[in-house]
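These notes concern the structure reproduced below.
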Amino acid sequence: MAPPALDLTHSTHAKMMVIPPRLNLRRAASYTGSSTHEKAPLSSTSSRFNFNHLLFSPPPSPGLPALVPRPKKSPVAPGPAGVKHFGDVPVVDWALGTQEEYEMVGQDELPEFPTPIAVTGRRGRSKWTVSIPPSYNFPLSTKEYTDICAKCHEVANHVRDLHGKSSPSQKASLNYYYEDPYFLDVTEAEERGLLPGAQDTARRISSRSQESHLVGEKKSTLVVQPVCESTLTFVLETPDAGLGTTLMMLWMAYGLAQKEKRAFFIDDSRWAYGEYTGIFKTPPIPNCQPPPRHEMLPCPRQARHLVVSAATSKETFGNSFANEYEIRKKRDQDREKPMFDLARTGYEALFRLNHDDHSYVTSRIIELRGKAKAPLGHKQDGTVVGVHVRHGDQHPFEYQYRGAYIPLNMYADRAREIIEDIHNTSAPSGGENVVAKKHSFTVIASDDPEVYDSEEFKRSPRAQEMIKLAAKSQVPQPEQDRSVMHKFVEETFGWEGGFFATMFWNLGRAGINSDGAVASMPVAPSAETTRLRSYIGRAYLMDLAILAHGSDALICTISATGCRLMAVMMGWEKAIDHGDWVNIDGNYQWAGLTPVS
């Protein structure tokens, strides 16, 4: 029996009332205020770093590096032999409206916060590494990961200057697998005595009590597995409320780990959608254990144990990634094939819905295919055309619809064209085509419940009915007989207009926080909030699975990441080569994170 659901009508004050096991989340008008100009999907050029947050705030503590005017013509000299300097950190050009350059003052103790540092060995040779206190919480915050990656480039440049080397050429900088000769991995720095981890065994052991639980990690004390030689850990935390971009990066990261022969782990300790295993089955488990968390670095890419998240997307999936994995000599969709293959590898390994959802998806696909089955005596089945409509805070790339949405009649018209092309009644087998055409239909999935009742799709079955999106007008009132509830409906979610990030971050709260994800994410969500978010994620994923695997052809808008995910789920041959994946949002080709025009 499904747990009682809540009616949260967001106005000045939220109200709660127990209703039949359906749930409605109504979007107030204020939610659309910031949706006029929407962001395109995360791309290699969408992230921009700046250091302004360091300029106008005091150092974290009196003993940490401070910003001071750089001495004129004063070279950085190495210390006495045998003395380790942890504070020879990079010179950074600060845009303060003057011609002065600023640098961080050297110090004798390691910083108490995660940061790249330059170190000097006994022979005065400078190297650099990333220092994360062994007792520091894992995973780091998205801001900390972003800051570390920005500083890594500065420290690397500084150390290169100390060696009298110029910056890498443009060709070298675009080499995804370029290895900085002056970088020391954490374990190597510890072995050389430049970081204390290897010498402070007791501290490392005690820090293990603070290590987060990675999905599927074996904690058995009976069999001690060796530490993995190299790893890639994907941190699910993201400031993006939507699930699509995170899922695409997760799949591509898994494919990348397999290509680079890295053991793959997932951290879900701060995932907005709750526990990973609440939605998916446990991912493949490596035959080794992850390293101490302070050895997991967001940069550089050559790090033995790499952390990948939305915060480090520029490092992992930026220009150098595109340069490595795009086939530049191709001018058609084949250019993106290597990236597609990475995502497909991740999809095949990780898209394993929990037992209940998988069972429902399987039976639903069989049911829909049964409706298209030709009657006895006829050989040609009908055609099932899947339609995915994304509204809410995601607007099309097509210029004329950028401030609104693709009209529903464009989806419906394209679906009719597909059915007409397949079942051409003027062909020699016209009789068979007539029958097959009568058994052809569209299947609809949308984040906007009003789409289901539109004139274009009110006779089309929903992709799934286990977790429904419903408008306020569709939710039964408390006095209605609960026995009329659909047998297969576990919960009903919905709000007018579609999925909006602000609504998502305020699920289960008594009041509205219009600041969105940035303000809300530091606050640990309640169990009820996590439950509601998990339901939304499950509904979204079941929609994608049924459309991708239950349709003969699929119509969607490439501006929606779910549209691109379904191409991966369909496979290259069916989606791209055969053309069964149809984008109606501008002249764009498939790309994992950024569509190509």
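Values quoted throughout were computed directly from the atomic coordinates according to the rules given, and no laboratory measurement underlies them. Owing to the predicted nature of the structure, the values given are computational and were not obtained by experimental measurement. Ideal geometry is used to build each Cβ from the backbone, glycine not excepted, and the neighbour counts take in all protein chains shown.
One decimal place: the segment N319-H378 gains 15.9 nm when fully extended, by the rule 0.36 nm per residue minus the C-alpha distance.
Which order do C228, C556, C288, C149 fall in if you start with the one that has the fewest other Cβ atoms within 10 Å? Don't skip to the end; give the middle numbers.
Details: C228 19, C556 27, C288 15, C149 23.
Fewest-to-most Cβ neighbours within 10 Å comes out as C288, C228, C149, C556.
Compactness ratio of the stretch 357-462: Cα Rg over 2.2 N^0.38 Å, N = residue count? Please report the intermediate quantities before stating the final value.
Values: Rg = 16.1 Å, N = 106, 2.2 N^0.38 = 12.9 Å.
Relative to the 2.2 N^0.38 Å estimate, the stretch 357-462 comes out at 1.24.
For the stretch 356-410, the Kirkwood estimate of hydrodynamic radius, built from reciprocal distances between every pair of different alpha carbons, is 14.6 Å. For the stretch 296-345, the convex hull drawn through the C-alpha positions has a volume of 90 cubic angstrom per residue. Site pair K458 and R331 shows an inter-label distance of 4.9 nm when each label is modelled 7 Å from Cα along Cα→Cβ. Fully extending the segment from R352 to E275 would add 26.3 nm, taking 0.36 nm per residue of separation and subtracting the current Cα-Cα distance.
How big is the Rg/Rh ratio for the stretch 253-391, C-alpha atoms only, Rh by Kirkwood, two decimals? Walk me through the numbers on the way to the answer.
Numbers: Rg = 20.2 Å, Rh = 18.8 Å.
My calculation puts Rg/Rh at 1.08.
In this label model, E432 and T362 are separated by 3.2 nm, measuring between points 7 Å along each Cα→Cβ vector.
When E450, E420 are arranged by Cβ crowding within 10 Å, least crowded first, meaning fewest neighbours, the order is E420, E450.
For the pair Q302 and N175 in one chain, pulling the backbone fully straight at 0.36 nm per residue adds 44.6 nm over the alpha carbon distance.
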